[in-house]
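**Student:** The structure under discussion is supplied below as structure tokens; questions concerning it will follow.
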Amino acid sequence: MGVMVTGNVTRLVGFDDIGETFISDGRVLRGIYPGKADGVRRVLHTCIAHDLFKVGIIATRELEKNPHAELGYEMTLEHARVPFVTFPNEWPASMLLAAAKFHLRLFQRLGTQGLTLKDWHPYNILFDGTEPVFVDFTSIIPADELPKQGYLAGAKAPAGFGGWDEYSVALYRMYQLTYEPYFGLPLAMMEQGRHAEARERLTATALNATDSGMLRGEVFTGRKAARARYELNDLRLKMALREHGPNKRRFFDLLGKRLDAMQVAVKGSAYSSYYADKEEAFASEPSIDWTNKQNVVHDALVRFSPATVLDIGSNTGWFSLLAAKLGSNVVGVDLDEACIDSLFEAARRERLPVLPLVANLMAPPPDIFAKTFPDEPSLSRIGREKPLYPSPEKRLACEMVMALAIVHHLALGQGHSFERIAGTLSDLATRYLCVEFVQRDDKMILDDPGFFPAMTKSPGSFDWYHVDGFVAALRKHFSEIEVLSSHPSTRLMLLCTKG
């Protein structure tokens with residue numbers, strides 16, 4: 001729009017016609033467009049008066065003065081900042097299910113105050129540790145405004161349900177367009193054990209990045225009994241929408257029972273008993289049973305006291321949980337969904353600040369940019385050139401990175417060079433790195449060469465794999481490197497610090 005923006009401002013790209021969110025000097029702000037402030041202010045006052053922020057809506061306040069007057073917002077909100085931005089394709093199945101249940105409870109609580117949500121998808125939710133937080137405050141609207149939303153215009157009741165009121169028509173259309181493709185159908189696919197496929201489809205059909213979404217046909221192809229059960233449940237939901245008034249208690253109760261009955265977690269994998277198999281499923285308090293590995297990592301966490309920790313290759317998260325108990329806000333990342341689901345349940349049970357994600361930080365997906373819709377012009381005062389969904393390595397950098405027992409898999413298994421590994425770890429670690437190096441004579445490498453396909457394919461090509469070479473690669477990024485013993489004796493722990 002040709003406006004000169006003062007200060008350090010980064011827009012968080014979105015499609016809201018009420019306002020836009022942006023980061024300004026570390027604060028999360030939302031500018032409300034002209035003509036929209038009165039409605040937003042009424043919703044804000046209702047949320048304050050009835051303590052609705054306690055149910056998981058992001059803490060929000062109106063600023064007395066717009067810090068960016070040049071942008072011409074009618075009103076400016078400030079939101080609490082959730083530590084990490086993540087997306088549904090990165091959440092383990094249990095986490096997506098928890099988000100769906102949370103969203104349902106939010107609908108029901110808002111309904112008691114005459115409010116509702118104008119869309120119904122997981123992209124409005126972030127996780128603070130294992131706790132879901134609803135962050136799109138301007139998606140909260142008076143219930144009587146739902147049928148007036150542009151994307152629901154022209155919605156009609158399904159055949160045989162002509163007695164629906166206009167709110168039922170709008171709610172069911174919103175359910176079809178936003179709940180089903182991003183909550184209901186991915187969870188149904190995960191319930192069938194097709195977790196990787198569901199994750200791929202969530203990525204390929206990311207909201208507002210494409211004009212397609214997940215469909216019933218692809219979820220239930222060749223599964224007639226499952227499709228019949230799904231359609232029967234859908235019929236019951238439609239019948240429940242004959243209830244007049246905006247609350248739709250029977251509809252939400254039925255949907256809640258369906259979610260409660262879902263079994264979506266991955267139960268067990270080759271790595272989900274990793275610590276038990278190694279006889280290292282220790283208590284989290286220091287003990288004489290601990291090996292050098294546990295002691296070195298514990299002492300590093302105590303000494304550096306990092307505010308945030310990224311545990312790459314976290315497995316079921318023994319070290320993630322340890323870091324959280326020592327006061328860090330932790331992100332645990334692994335490719336094994338059974339392990340990450342287990343970590344989610346453990347962290348939630350112990351109420352620890354651990355965010356478990358399924359992601360590959362050595363081969364992250366590219367940035368995803370918003371699709372340009374001809375009927376949806378941008379109202380942004382800042383611009384929309386930023387990615388809608390930035391790749392994970394741009395969102396998950398932490399003060400300390402832990403990379404335990406993964407370098408040999410990255411090098412000998414996947415064929416990555418030390419330079420590539422060290423560079424990626426440095427990009428993710430703002431100050432400290434605790435990385436374990438497994439030497440070539442380690443029993444695991446000698447006894448299980450099948451775990452290391454790059455080396456197995458070309459065994460003579462890995463003479464460069466030795467600790468001195470790895471330390472040399474790390475020195476390009478870290479000014480101080482301590483080399484300590486790990487466990488067993490064929491493993492070393494490198495504690496690296498940036499200058």
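**Student:** If you take the square roots of the eigenvalues of the alpha-carbon gyration tensor of the stretch 49-164 and sort them as a ≥ b ≥ c, do you get rounded (a/c under 1.5), prolate (a/b over b/c) or oblate?
**Tutor:** Oblate shape, in that a/c is at least 1.5 and b/c is the bigger or equal ratio.
**Student:** If you count, for each residue, the other Cβ atoms within 10 Å and average over each peptide, how do 402-412, 306-316, 105-115 line up from highest to lowest?
**Tutor:** So the order, starting with the most tightly packed, is 306-316, 402-412, 105-115.
**Student:** Now, a different point. Give the lysines reachable from residue 101 as a straight Cα distance under 24 Å; neighbours fewer than 8 places away on the same chain don't count.
**Tutor:** 54, 118, 238, 248, 257, 267
**Student:** Enter the mean projected area of the convex hull around the alpha-carbon atoms of the chain, in nm², rounded to one decimal.
**Tutor:** One quarter of the hull surface, i.e. the mean projection, equals 26.0 nm².
**Student:** Going toward the positive end of the dipole of the chain, with +1 on Lys and Arg Cβ and -1 on Asp and Glu Cβ, which of 410, 106, 369 do you reach last?
**Tutor:** Positive-most Cα among the choices belongs to 106.
**Student:** Between residue 253 and residue 81, how many nm apart are label points set 7 Å from Cα along the C-beta direction?
**Tutor:** The two pseudo-label positions are separated by 4.4 nm.
**Student:** Taking Cα atoms, how many degrees apart are the long axis of helix 93-111 and the longest axis of the chain, rounded to 10 and kept between 0 and 90?
**Tutor:** Tilt of helix 93-111: around 30 degrees.
**Student:** Right, something else. Once the Cα atoms of helix 337-350 and of the chain are each reduced to a long axis, what angle between those two axes, in degrees from 0 to 90 to the nearest 10, is obtained?
**Tutor:** That works out to roughly 80 degrees.
**Student:** Just to compare against my own numbers: the Cα pair-distance distribution for the stretch 9-79, 10 Å bins, whole % per bin, please.
**Tutor:** Result returned by the calculation: 20, 53, 26, 1.
**Student:** Here's another thing I want to ask about it. Using only the alpha-carbon atoms, how far is helix 195-204 inclined from the longest principal axis of the chain? Give it as 0 to 90 degrees, nearest 10.
**Tutor:** The answer is roughly 60 degrees.
**Student:** Now for a separate question. Spelling out what I want: for every residue of the stretch 458-469, take phi, set θ = phi - 60°, compute 6.51 cos²θ - 1.76 cosθ + 1.60 (Karplus), and round to whole Hz; glycine and proline get x.
**Tutor:** Ordered by residue, 3J(HN,Hα) equals 9, x, x, 9, 10, 5, 6, 7, 8, 5, 4, x Hz.
**Student:** Tell me, what ³J(HN,Hα) does each residue in the stretch 254-267 have, in order and in whole Hz, if you take phi through Karplus 6.51 cos²θ - 1.76 cosθ + 1.60 with θ = phi - 60° and put x for Gly and Pro?
**Tutor:** Coupling constants for the stretch 254-267: 5, 5, x, 5, 5, 5, 4, 7, 6, 10, 10, 5, 6, 9 Hz.
**Student:** When a/c is below 1.5 the answer is rounded, else prolate if a/b is larger than b/c, else oblate, so apply that to the stretch 88-261 with a ≥ b ≥ c taken from the square roots of the Cα gyration tensor eigenvalues.
**Tutor:** Since a/c reaches 1.5 but b/c is at least a/b, the shape of the stretch 88-261 is classed as oblate.
**Student:** Could you go through the stretch 425-438 in sequence order and give the Karplus-derived ³J(HN,Hα) for each residue, using 6.51 cos²θ - 1.76 cosθ + 1.60 with θ = phi - 60°, rounded to whole Hz, and x for Gly and Pro?
**Tutor:** 4, 5, 4, 8, 9, 7, 9, 10, 9, 10, 10, 9, 10, 9
**Student:** Just check the stretch 320-404 against the gyration tensor rule for me: Cα atoms, a ≥ b ≥ c as the square roots of the eigenvalues, rounded for a/c under 1.5, and otherwise prolate or oblate depending on whether a/b exceeds b/c.
**Tutor:** In terms of gyration-tensor shape, prolate.
Here, each number is a calculation from the coordinates, and none is a lab measurement. Since the model is a prediction, treat every value here as computed from it, not as a measurement. Cβ atoms come from the backbone with ideal geometry, glycine included; neighbour counts cover every protein chain shown.
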